[in-house]
Structures are given as structure tokens and as C-alpha cells.
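The values are calculated or read from the model by the stated rules, or taken from the named source; none is laboratory data. What you see is a predicted model, and the numbers here were worked out from it, not measured in a lab. Here Cβ is always computed from backbone atoms with ideal geometry, including for glycine, and neighbour counts include all displayed protein chains. We work out accessible area using only protein heavy atoms, side chains counted, and drop any ligands, DNA or RNA first. Shrake-Rupley method; radii C 1.70, N 1.55, O 1.52, S 1.80 Å.
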Amino acid sequence: MNLNMTLVGELIAFIVFVIFCMKFVWPPIIGAIEARQATIADGLAASDRAAKELELAQEKATAQLREAKAQAADIIEAAKKRETQLVEEAAVKAQAEKDKILASGHAEIETERNQAKEELRQQVAVLAVAGAEKILERSIDAAAHSDILDKLVAEL
Amino acid sequence: MASGAEITSQEYIKHHLQNLTVGEGFWAVHIDTLGWSIFLGLVFLYIFRSVAKKANSGVPGKLQCAVEMVVEFVDDSVKSTFHGKNPVIAPLALTIFVWVLLMNAMDWVPVDLIPRIFELFGVHYMKAVPTTDPNMTFALALGVFVLIIYYSIKVKGVGGFIKELTTQPFGHWSLYPVNFILEMVTLLARPLSLALRLFGNLYAGELIFLLIATIGLFQLPVHFLWAAFHLLVIPLQAFIFMMLTILYLSLAHEDH
């Protein structure tokens, strides 16, 4: 063993190194490490929170979608009902219109038939007179025999 | 290898274990030990300081990552052993760990490389591994020892410290002198074991490297094996020195 002044020199060097390390090396490095650890912890917590929020939002969206679907189904149901109703109403209206048109047609036909009958009667009267004239070969005074003619017309 | 045939292996080893010394007797100074240790200490402080200056909590660079790994490793070691609040212990542990590691790592440099380079400049003795010099290891241990005493007295007071040294393990007053002798041995054994353990391991390692260097052609694979084995020894000794320092200082802080 050869202990000498080297020991003192090394001791001084050791003390100086430790003091330098204590003052200028350790605090900034450990500070940076701890700050980064805090940042990372914060980030992880934030991401956890975000994930939870996302889950919540998804649940909410799903619920809203379900609700919307139900509403849509309701609306379609109502529309179908209304459609049936409208069709029925239209059918009833159409039936009534048809009946009305038929009735008026019938009436018209009746009137025209009556008119034609009347005309026919008149013409038959004329023909009968003409025929009688031919038979008698003489003119018959229409006025004098109008009562006979009228009777004939009425019989037709 | 030995430079000339006239040098026996015994002389070769003896030569390599000689420090570059200035002065005589107690006033002698080992220039090589002092120079290499201070150089390595400055390397340590330069690297760590350059990181510390740029340190921020953002995305770290590669060097910053490496340095932070070491710092965090030391910090974890300190926190797992020492539970009080002390701004000295963690930087002290970091300095000891990295400095001792760097000095031990000089053991990996081929035993003849550095002495040969210095031989070219006319320097005939060069022992490049500072921790193979007991002056180095005792200086570290002495520094730790002073801190042990300082914190023992600071935390427990002079009376408390003396009480701790005298009143245990035996409670009776008549046995206090015996207690004192036992406790003194314990107290003094701490720095002594710290210093001798580191010195012994590294000195032995260096000696074996020197022995291997004398066996001729087959030294290369053997050198490789021994260096590979030192992958364990070198960090382990640095770690043990740091860990025991933390342990002793935390014991000094414990108030019974």
C-alpha cells in the first residue's frame, strides 16, 4: 500500500466533482425528467378522459339514432293511415259523383225521349191527315176537323 | 507484450504496476492516477453538463435519453434505499457511479496501449486505471466517511451520535466501552471495506490482464475472455460502491 498526497488530491477532485454535479448537473436533468413524467401522466389522463367521452358520445349517438328510427317509423305509419283514409274518401266522393252524373243522364234521356215522342205524335197526326186526305181525295178543313185530329193525336 | 527479450515477465508486471510518481514518501503524487481520474471526471461532467444545459421536458435526444437513463437509475436506487430528504446524496451517488464506472472501464483498454503511447513521449511509467491505485479508492471512501460522520452528527446531534456508538448492542452501562469498541470497528470498517473492495477487485483484474499479456501468442482469446468477464466486474463494482454509499448515508440519517 502506497498512500500519499495523491489521496488528498483525489479527495479534493472528488469534492469538487460532487459539488459541481450537485449544483449544475443533477437539478436540471432530474427536473426535466420529472417535468416530462408529469406531462406524460397528464397526457395519459387526458387520453383516458377523451376515450371515456368518446364512449359516452357514441352511446348518445346510438340512442339518438334509435329514437330517430322510431320517429321515422311512426311517421310512415301515420302517412300510410292517412293514405288509406284519403283513398277511401276519394272512392266515396267518386261514387257520389257517378251517381249524380248517372241521375242527370237518365233525366236528360227521359226528357229527350218525351220530346221525340211528342214530335212523333205531331208528325203522325200530319201523316194521318195526309193519309185521310188521300183516301177522301178531297181536302179536309184542318180547322173543322181539328177536334178529331187532336183525339187521334192523344190516342197515339 | 514485453518490449525486449531481456525483460522477464516478473519485471514486466512490476513495471506496469508502477505509478508515474513525482515527489518522495508521503509527499509523492501519482501523476497518472490523478491525471486520468480528473480527465475521466471531467469527461463525465462535460457530457452530463452538456445534457443538463439543454435539458427540457420535451422529446429528448439520444444523448439526453442515455444520460437520463443513468440519472433515473441512480435516482431509483437512491429512492429505494434512502427515504429522507437530502439534496447531496443523489448527485453524490451519480458522481460516484459514473466516475468509478469510467475509471474502471479503463481496465478494458489493452494493458500496453497507453503505456506504449506515453513511452513514445519519454514517460516510462503509466498506470491508466485510477481505481487500481489505493489512493483513489481511499479518497472516495474517505469522502463518503466524512459525510457519514457529518450527517450522523447533524441528524442525531453530537450526544445522539455518541449515544448510538456506546449504548448498543449491550444496554448495561458497564459494557459501554465494549459497545464503543464494537461500534467503532463497524463505523471504520465501512470506508475501509468500500475502498479495499474496489481497489482489490480492480487491482486483481489488472494483474490478471498483465499476467495474460505475458503468455505469448495465445493471449488474445484469453484477453478477450477476461475482458468479457469484466463486463460484469466493472459495472458491478461501480454499482456496489454507489449502493453502499447510499446505504451508509441513509443509516447515518436514521435516528433511533
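Data overview
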read-out	value
Tail beyond 19 Å, pair distance distribution of the range B:1-152 (Cα, percent)	64 percent
Set of the range B:97-112 residues, backbone N closer than 16 Å to the point 7 Å along the Cα-Cβ line of B:Lys62	none
Entries of A:Lys23/B:Lys156; B:Lys79/B:Lys154; A:Lys52/B:Lys53; A:Lys23/B:Lys163; B:Lys85/B:Lys163 with Cα pairs more than 31 Å apart	A:Lys52/B:Lys53; A:Lys23/B:Lys163
Lysines whose Cα lies under 22 Å from that of B:Lys14, excluding same-chain neighbours fewer than 8 positions away	B:Lys127
Chain B, helix-only ellipticity at 222 nm - DSSP H runs n ≥ 4, -39,500 (n - 2.57), divided by all residues, nearest 500	-25000 deg cm²/dmol
Cross-link partners of A:Lys80 among aspartates and glutamates (Cα-Cα below 17 Å; sequence separation of 8 or more within a chain)	A:Glu88, A:Glu89
Residues whose placed amide H lies under 5 Å from that of B:Val29, excluding near-sequence neighbours	B:Val22, B:Gly23
Of B:Asp32, B:Asp107, B:Asp76, the one that fluctuates the most in a GNM where chain B has Cα springs shorter than 10 Å	B:Asp76
Pairwise burial A:B, computed as accessible area of each alone minus the pair, summed, 1.4 Å, Å²	3400 Å²
Tensor-based shape of the range A:5-155 (alpha-carbon gyration tensor, a/c under 1.5 rounded, otherwise prolate or oblate)	prolate
Separation in nanometres of the label points that stand 7 Å from Cα toward Cβ, at B:Lys154 and B:Val123	3.7 nm
Accessible area in the full protein assembly, largest first, 1.4 Å probe, for B:Tyr203, B:Tyr46	B:Tyr46, B:Tyr203
Inter-label distance for B:Ser9 and A:Lys93, nm, one decimal - labels placed 7 Å from Cα along Cα-to-Cβ	12.5 nm
Whether chain B is rounded, prolate or oblate, judged on the alpha carbon gyration tensor where a/c under 1.5 counts as rounded	oblate
Point-charge dipole on Cβ atoms (K/R +1, D/E -1) for the range A:5-155, about Cα centre, debye to 20	980 debye
Ratio Rg/Rh [Cα only; Rh per Kirkwood] for the protein assembly as shown	1.92
Most mobile of A:Ile40, A:Ile76, A:Ile19 in a GNM of chain A (Cα contacts under 10 Å)	A:Ile19
Model label zone, B:Glu72; criterion: amide N under 14 Å from point 7 Å along Cα-to-beta-carbon; scope the range A:31-71	A:31-41
